[in-house]
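Values quoted throughout were computed directly from the atomic coordinates according to the rules given, and no laboratory measurement underlies them. Quick caveat: nothing in here was measured; it's all calculated off a predicted structure. Every residue, glycine among them, receives a Cβ derived from its backbone with ideal geometry; neighbour counts consider all protein chains shown.
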Amino acid sequence: MILAGDIGGTKTNLGLFDEQQGSLVKVTDKRYASAEHKGLEEIVKDFVDTTKAKVTAASFGIAGPIVDNRVHTGNLPWVIDGATMAKQLGLERVRLLNDLEATAHGISVMKSSDLDVIYPGVPAPQAHRAVIAAGTGLGEAILFWDGTRHMPMATEGGHADFAPHTNQQADLWKYIKSRGEFASAEMVLSGRGFKTIHGFLSPTTRHPSFDDPAADPAREITRQGLEGTCHVCVDTLELWVEIYGSEAGNLAVRSVARGGIFVAGGIALKILPKLKDGRFAAAVQDKEKMAYFLEQVSIQVVLDEECPLKGAAYAACKGL
């Protein structure tokens, strides 16, 4: 039985998979609130004890840079060590993956029904691909075509500098800096970025979630932005999408991702209508001499939220 995990700052998803006729089949899964636990070891023990599973292979996708199969998570006070997890599970090896590396593996097992083509481009199956995912943080990865297959390569591109593309975005950069914050891409292109942009556009317009520690401002802003019930929320959502598209275009240019851009992460599914209205693709392609190249690059949204979990299971199954 294969144990896979998708570990993020907000939630930790664990799943058991079985290989049947060459395909991975999920047997069971469970979601945990990450902040309610001391570490991954505690969560894994609960899951294995509850399911009484005999684990034969395991892999975990984790937000953060994996160094020597060990990581200090970026949005949690956890240190996760592959050797420690292997000892706990009685395995020779447990592979730790960057969360976007796991997502990139997952792209390989997605069906066409798991993807929504928002810009067709020109197909180029034997070329590099770019993977970007905004959620609690911002993750980026590259699927490198080695001549035979796509090989995932992790990055920490979300922590690179926010690159303003217009005068308005430059003013947003100044606004973030004026608050004493680091203007990273993730500062804008994550859940918390919606409130930041909303405050930049209209400091005096507030919503109930802004003053409720238990509420999520991003949820309220995106809902009203989609419904059109608050013009500031509409403007916030549109500016966020433009910046997201621009960053996706940056990743595609840097990786020569002729094979397509894959947009994953929970935010994409929540704001899918806005990603499909042309604004995102236009921002991707607005890249000086690279416009013609980017007009050929397809853009697809990953509809399956379990893509990183399935990717971790695939990596464990194949011993990658």
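Remark: THR236, THR155 ranked as THR155, THR236, counting other beta-carbon atoms within 10 Å and listing the fewest first. In the chain, the DSSP beta bridges split such that about 70 percent are antiparallel, to the nearest 5.
Placing unit charges on the Cβ atoms only, positive for Lys and Arg and negative for Asp and Glu, gives the chain a dipole magnitude near 340 debye about its Cα centre. Each residue, LEU303 and HIS159, gets one label point 7 Å from its Cα in the Cβ direction; the gap between the two is 3.5 nm. Database note for the chain: Cys without another Cys beta carbon under 4.7 angstrom, CYS307, CYS317. From largest to smallest, the equivalent ellipsoid semi-axes obtained for the chain from the alpha-carbon gyration tensor read 33, 24, 17 Å. The residues SER34, SER23, when put in order of fewest to most other Cβ atoms within 10 Å, stand as SER23, SER34. Among GLU238, GLU186, GLU140, the order by Cβ neighbours within 10 angstrom, fewest to most, reads GLU238, GLU186, GLU140.
A straight line joining the Cα centroids of the stretch 184-243 and the stretch 15-89 runs 33 Å. Between ARG206 and LYS111, the contour length at 0.36 nm per residue exceeds the Cα-Cα span by 30.0 nm. Taking the C-alpha atoms only, the angle from helix 231-255 to the longest principal axis of the chain is near 60 degrees. Peptides 156-166, 252-262, 108-118, 122-132 ranked from most to least packed give 252-262, 122-132, 156-166, 108-118, packing being the mean of other C-beta atoms within 10 angstrom over each peptide's residues.
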